[in-house]
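Report on the following structure.
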Amino acid sequence: CISRGVLGSAFPNIYGSGMEIVQQPGLVVLRYEMIHETRLIPLDGRPHLGARIRGYMGDARGRWDGDTLVVETTNLNGKTWGSEAGDVFTHATHVLERFTPVDANTLKYEATITDPLAYTAPFTVGFAVKRLKGEFLEQACREEDRDLPILKRIRDQEREKLGIRPAR
């Protein structure tokens, strides 16, 4: 029930959960359905926090490159993972994300991960994010949760209607 971190939370196609993007002047807010996390991404050019301040979601700063939202995240605490396979990330991780509209219902998501303490070279992951209709599903986080399989089945049915392969 602890944060999945920047990458784990951003992978809606892998984990079968939704993401909501809210834009305000000078700020983009990303809300993730799984674990109910929220990222505040300032767009005003402010510098990153000092290196001693670290968190599960790190310290994000955004900017626009045409119609692409570019988000740079530093100051991660090294306690999260990138997938259920147990990808390792350290406090030295730097994440550069790009959210690019493809059409009215699709975003192209790319993230380049640089972590010199865990990997010999940067690598990039990416996928399409489809717009989902409806509200976020409540996902209680507790041991022996019996609701999660039902909620995932409902979400998979919604995704299949949109032509998206269900998460596994």
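In terms of accessible area, using a 1.4 Å probe and ignoring ligands and nucleic acids, T114, T93, T38 rank largest first as T38, T114, T93.
Extension gain for T124 to A51 (0.36 nm times residue separation, less C-alpha to C-alpha distance): 23.9 nm.
What FRET efficiency would be calculated for the residue pair A104, I154, taking the C-beta separation as r and a Förster radius of 30 Å, to the nearest 0.05?
Details: r = 24 Å, r/R0 = 0.80.
FRET efficiency, A104 to I154: 0.80.
Altogether, the Stokes-Einstein calculation at 37 °C and 0.692 mPa s, with the Kirkwood radius of the range 26-83 over Cα pairs as Rh, returns a diffusion coefficient of 265 µm²/s.
Summarising the label geometry, the points placed 7 Å from Cα in the beta-carbon direction at L117 and E20 lie 3.4 nm from one another.
Across the range 98-106, computed HN-Hα scalar couplings (Karplus, 6.51 cos²θ - 1.76 cosθ + 1.60, θ = phi - 60°) run 9, 10, 10, x, 9, 8, 5, 10, 9 Hz from first to last residue, x flagging Gly and Pro.
The values are calculated or read from the model by the stated rules, or taken from the named source; none is laboratory data. Treat the numbers as computed from the prediction; the structure is a model and nothing was measured. A quick note on method: Cβ atoms are made from the backbone with ideal geometry, for glycine too, and the neighbour counts reach across all protein chains shown. Heads up: the accessible areas ignore ligands, DNA and RNA and are worked out on the full protein's heavy atoms, side chains in. Shrake-Rupley method; radii C 1.70, N 1.55, O 1.52, S 1.80 Å.
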